[in-house]
Ligand SMILES: Cc1cc2nc3c(=O)[nH]c(=O)nc-3n(C[C@H](O)[C@H](O)[C@H](O)COP(=O)(O)O)c2cc1C
């Protein structure tokens, strides 16, 4: 099945997971890049990103080309304040029509908190479209493990 992996990553964990999934699925990745980058370090990183997520912002994204013919989309996002990262929110709001009828799966990267709110938010933004499968990995680049590698491989096997 033709799959496109759409991801946002501030500090590399989601990029790592997206690229790992791409290799396992033989899929293309598409990175979401906000026009105005979020701070990458210190207090500002958590303050600005957290505030943006809590306030439900949808930041402007750099131009991307989303292949309309793709059959399956794997969304990869960090969890920010329990929610999906705002650049993914921008993508979902903009591509709602294009996503209709496609198989959608999600991969969340977090540092150990819950992902229920993010999954609910995603379902709502997908406007009733089915979220077929979801996997959560705790900082897969910063804290790699054989177990996380296996979880990603099992998850991707289900998406094939
Ligand atoms: C602004 C901000 C808010 C975060 N909020 C949460 C959270 O609510 N729960 C959690 O488990 N991790 C939280 N994290 C940690 C990230 O989700 C986690 O480190 C993730 O792997 C980062 O992905 P990335 O390296 O691709 O940016 C937060 C990180 C940032 C920068």
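Here are a few things to note about the model shown:
- The lone exception for residue 27 - which of (1) surrounded by fewer than 17 Cβ atoms within 10 Å (Cβ to Cβ); (2) under 17 Å from the mean Cα position of the chain (by Cα); (3) within 25 Å of residue 145 (Cα to Cα) it fails: (1)
- The residues on offer are 158, 148, and the sole one that is surrounded by 14 or more Cβ atoms within 10 Å (Cβ to Cβ) and in a helix (DSSP H, G or I) is 148.
- The residues in segment 14-48 that are part of a helix (DSSP H, G or I) and farther than 26 Å from residue 73 by Cβ can be counted, and the count is 7.
- Qualifying positions in segment 99-131 - touching a residue at least 40 places away in the same chain (Cβ under 8 Å) and within 11 Å of the ligand (Cβ to nearest atom): 107, 109, 118
One line per residue, one yes/no per condition, for (1) surrounded by fewer than 16 Cβ atoms within 10 Å (Cβ to Cβ); (2) more than 13 Å from the ligand (Cβ to nearest atom); (3) at pLDDT 95 or above:
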| residue | (1), (2), (3) |
| --- | --- |
| 42 | yes, no, yes |
| 45 | yes, no, yes |
| 52 | no, no, yes |
| 55 | yes, no, yes |
| 64 | yes, yes, yes |
| 79 | no, no, yes |
| 83 | no, no, yes |
| 88 | no, no, yes |
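- Candidate set: segment 1-11, residues that are within 15 Å of the ligand (Cβ to nearest atom) and under 12 Å from the mean Cα position of the chain (by Cα); chosen: the one surrounded by the fewest Cβ atoms within 10 Å (Cβ to Cβ): 10
- Residue match in segment 97-111 (condition: under 24 Å from residue 142 (Cα atoms) and part of a loop (DSSP other than H, G, I, E, B)): yes
- Number of positions in segment 100-124 that are surrounded by 18 or more Cβ atoms within 10 Å (Cβ to Cβ) and either at pLDDT below 90 or touching a helix residue (DSSP H, G or I) at 6+ places or on another chain (Cβ under 7 Å) (or both): 5
- So residue 141, is it surrounded by 14 or more Cβ atoms within 10 Å (Cβ to Cβ) and modelled with pLDDT of 95 or more: yes
The values are calculated or read from the model by the stated rules, or taken from the named source; none is laboratory data. What you see is a predicted model; the values in this text were computed from it and never measured. Backbone-built Cβ (ideal geometry, glycine too); neighbour counts: all protein chains shown.
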